[in-house]
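This report concerns only the one structure given below.
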Amino acid sequence: MSENPYGKGDTAWFVQDRLGMFIHWGLYAQAARHEWVKNRERITNEDYQKYFDSFHPDLYDPKEWARLAKAAGMKYFVITTKHHEGFCLWDSAYTDYKATKTSLGRDLLKEMVDAFRAEGLKVGFYYSIIDWHHPEFPVDRFHPQRDDQEFREATKDRDVTIYAEYLHNQVRELLTNFGKIDIIWFDFSYPGEDGKGKDEWKSEKLVNMIRELQPDIMINNRLDLEESGDFVTPEQFQPRYGVKNPDGSPAVWEACQTLSGSWGYHRDEMTWKSVNQILWMLIDGVSKGGNMLMNVGPTGRGEIDYRAKACLEGIGAWMHYNSRSIYGCGAAPEGMVAPPDCRYTYNPETKRLYLHILAWPFKAIHLSGMEGKVKYAQFLHDASEVRFNRSRQQEHSNLTEKTTAGDLAIRVPVNKPNVEIPVIELFLK
Ligand code: GLC
C-alpha cells in the first residue's frame, strides 16, 4: 500500500508567496446580498433560474482582474469554479448549468486562468462539495428546501452516489483541462447526524485521483478526512498563536478573509475593512507563519467594484515598498518577542527581522533581548538609516538614567513616516 497521498503537495512556493486573491463569483452576484442567498431565503431552483437567465457579465475583463491582483502584490488566486448554488464557470461536459449556456456564452474560467497565468500568478480552484442545484444532492440541513416537507418527501430517494460521481467527474475535468493547477480548495464537507462526510463524497478516492492528475497540487483541509491535507484554512478570524500540526510542529495555513463580510458581491454591506486593518491582518498572519487569501466578489456585470478596487490599491501601495517583509517571511526566531503595538516577521534566508509598527510611538521602541544582535537598521520604504543603542530607562523617582540589560532602543522620528504601517528592517548579525 502506497503512502497517504493527502498532504503530499508542494507547499514550498506557498509559504514564500504569502498573499493570494480569493474570488467568489457566480449567479449570486446578481442577488447582491450574500452568496448563501439561496439557502437563507429558501429559494427554489425555479425561482433562482432568473439569475441564470439574466446572467450577462458584459464588462468581464479577467486581464483587468489579474492586473489588479498583481498590483496588490498577490501571487496566486483561488476562484470559485462552482459554489454551493451549483453554477459552473467552465464548460463542463456534465451539466448545462454553466457559463457557456448563459447568454454570454463564454468559458469564464478558461479566460481567467489564462489571464492570471499571463501575469505570473499561480492558479487555485475552489470547488463546492455542497450543491443546491444538482438533482441528486441530498436535502440536508443546509439545503434551500430543508423546511419544505413535501419537497423532502419527494426527494428522499436521492442517490448521493450519483452526485459523488458528478463531483469526481467535475474535479477530473478541472484538473485535466486547464494545465497545471497549484491548489484545489474544497468547501465543505461536514460530519454529524444528517451531515455528509468522507464516505458520501468518497473523499479518499477523490484525493487519490487528484494526486494522480496533479502530483504537486495542494489540497486543503475541508474534505472531512482525519488528516488536514496540505494546508489548514481558518476562516474569517486571525489565529491567536498561529496554527500547529497535531505533533506540535508549525502547520502550513492560510487565513481566508473578506473585504466586507460576505464572499459574493454584496451591494449594501456596510462593514468594509480599512486598508490599515487589512494590512494589519496580513502582517499579523505572516508574523505567525501564515498566508492570507483576501477575497473579492465581482459584480454581476463582471467588475471588481470601486470599494474592493480601493482596498486592493491600498494593499498594493503598501506592498510596493514593504513586500520584502512579507514574501519569504514567517515567524521570528524562538525567543524574539515583538514589543507592544508591533509585529515581527523574519526572513531566514537573509537573516533580516522586520519590525512592523502598528501604532506610532514617541521617539523610541525598545526591543527586548536584542542588544548585540543587530548590525544595521533602516526603514523599508525609503532605505533611510534608523539609529539604535542600548536601552536606557529613566527612573521615575530620581530621573537618573539606567541601562536595561539586553534591550535595544530603536530611535524613530517624532513624526510617523507617510506609510500606512511603517516597517523597520533589522539586519541581524
Ligand atoms: C464558507 C461558506 C462560503 C465561502 C467559504 C470560504 O464555509 O460556505 O460561502 O465560500 O466558506 O471559506
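Of note:
- Length gained on full extension, Thr11 to Lys309, computed as 0.36 nm times the residue gap minus the Cα-Cα distance: 104.4 nm.
- FRET efficiency estimate (nearest 0.05) - Cβ-Cβ, Asn389 to Ala93, R0 60 angstrom: 0.30
- Under-5 Å amide H pairs with Phe231, H placed in peptide plane, nonlocal only: Ile219, Asn221
- Taking Phe137, Phe52 and counting other C-beta atoms within 10 Å, the order from fewest to most: Phe52, Phe137
- DSSP-defined beta bridges in the chain - what % are antiparallel, rounded to 5: 50
- Relative contact order of the stretch 14-325, pairs being alpha-carbon contacts under 8 Å that are 6 or more residues apart, as %: 25
- Under the simplified labelling scheme, the Leu104-Gln378 pair shows an inter-label distance of 4.5 nm, with each label point 7 Å from Cα along Cα→Cβ.
- Computed label-point distance, nm, for sites Glu204 and Asn415 using a 7 Å Cα→Cβ extension: 6.6
- Less than 5 angstrom separates the built amide H of Lys244 from those of Ala251, all sequence-distant by 5 or more or on a different chain.
- MRE, 222 nm, helices only [DSSP H, n ≥ 4, -39500 (n - 2.57), over the chain, to nearest 500]: -7500 deg cm²/dmol
- Zone residues, the stretch 412-426, relative to His366, backbone N less than 16 Å from point 7 Å out along Cα-to-Cβ: 412
- Packing-based ranking, highest mean first, of 151-157, 198-204, 67-73, 265-271 given that Cβ atoms within 10 Å are counted: 67-73, 198-204, 265-271, 151-157
- Given +1 at the Cβ of Lys and Arg, -1 at the Cβ of Asp and Glu and no other charges, the dipole of the stretch 198-319 around its Cα centre is 380 debye to the nearest 20.
- Here the stretch 365-385 is scanned for amide nitrogen atoms under 20 Å from the site 7 Å beyond the Cα of Ala359 along Cα-to-Cβ, giving 365-368.
- A convex hull fitted around the alpha carbon atoms of the stretch 23-83 yields 96 Å³ per residue.
- Spacing of the two label points (7 Å from each Cα toward its C-beta) at Asp159 and Lys351, in nm: 6.6
- Computed over the chain, the convex hull of the alpha-carbon atoms projects to a mean area of 24.0 nm².
FYI, it's all coordinate maths here, none of it is from the lab. Here the structure is a predicted model, which means the values were calculated and not measured. Here Cβ is always computed from backbone atoms with ideal geometry, including for glycine, and neighbour counts include all displayed protein chains.
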